[in-house]
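The values are calculated or read from the model by the stated rules, or taken from the named source; none is laboratory data. Since the model is a prediction, treat every value here as computed from it, not as a measurement. As a convention, Cβ positions derive from the backbone with ideal geometry for all residues, glycine included, and neighbour counts pool all protein chains shown.
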């Protein structure tokens, strides 16, 4: 396995299988949610907002940060995800053992991904740029009948093609660390979504179905103090893989893997490019 394959894992699998929130229109018909504007669900509840998360180990060690923003544009919608990892080798079991990572001068990863969705919230295209292993990364891709196809460029190299057949216009959410849920969930509600997970051994994505069950409201500590949030359980293949705590708008304040590996914790909500909305009382920046 060459260095290009490892970076392709970090760039392509990393964007789409770990941190890109795509629970947009996957609420089951019986969920009883009310559509909001033409976007319905998650997008309409989050338009014009930016969310900042810390990615941490359950032991308390910080792995990096994640920033999400949602905007309405002329063509439809734009979703932007910025991911910063201090050490790619600490992200998942086994990655740190790869010879290319052990020999790399820098294991930091910075990725900025911008996705364009049409008016029906179908993924149309994406662009990305960033830096990993001390090299600049560029990529783009478009959705077609056979999945996502595009090119990526590493440093001064020649653009190379990639193909991810499991990524379609209805691109499912990535991983078991979900960042957004449908608004209006109540205890007892259930819905499913397509889940994309990274297979590090085969350097590819695998698709399955995740079942979300809203359980009960409980008090959870946040950086703004205790808050009553709805606990949501996520199962894959009848196995609990994570828990999420969200408010009535579907904003996830914490997402925790069941195996105790990683957590995402909400640190700030702000208007895109503007004032801080949460935590309350924060100074305008």
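With (1) surrounded by fewer than 16 Cβ atoms within 10 Å (Cβ to Cβ); (2) at pLDDT below 70; (3) closer than 23 Å to residue 167 by Cα; (4) out of contact with any strand residue (DSSP E or B) (no Cβ under 7 Å at 6 or more places or on another chain) as the list, and residue 32 as the residue in question, which single condition is left unmet?
Of (1) surrounded by fewer than 16 Cβ atoms within 10 Å (Cβ to Cβ); (2) at pLDDT below 70; (3) closer than 23 Å to residue 167 by Cα; (4) out of contact with any strand residue (DSSP E or B) (no Cβ under 7 Å at 6 or more places or on another chain), only one is false for residue 32: (3).
Among the listed residues 134, 60, identify the single one that is farther than 22 Å from residue 264 by Cβ, surrounded by fewer than 17 Cβ atoms within 10 Å (Cβ to Cβ), modelled with pLDDT under 80 and out of contact with any helix residue (DSSP H, G or I) (no Cβ under 6 Å at 6 or more places or on another chain). Before the answer, list the steps.
Working: 60 fails: farther than 22 Å from residue 264 by Cβ.
Every option except 134 fails the conditions.
Out of the residues in the stretch 150-169 meeting the condition of being buried (at least 16 other Cβ atoms within 10 Å of the Cβ) and closer than 28 Å to residue 193 by Cβ, tell me which one is modelled with the lowest pLDDT.
Of everything passing the filter in the stretch 150-169, 169 is modelled with the lowest pLDDT.
Looking at the structure I just gave you, is residue 138 free of Cβ contacts under 8 Å to residues at least 24 places away in the same chain, under 25 Å from residue 84 (Cα atoms) and within 22 Å of the chain's Cα centre (by Cα)?
Yes: the conditions hold for residue 138.
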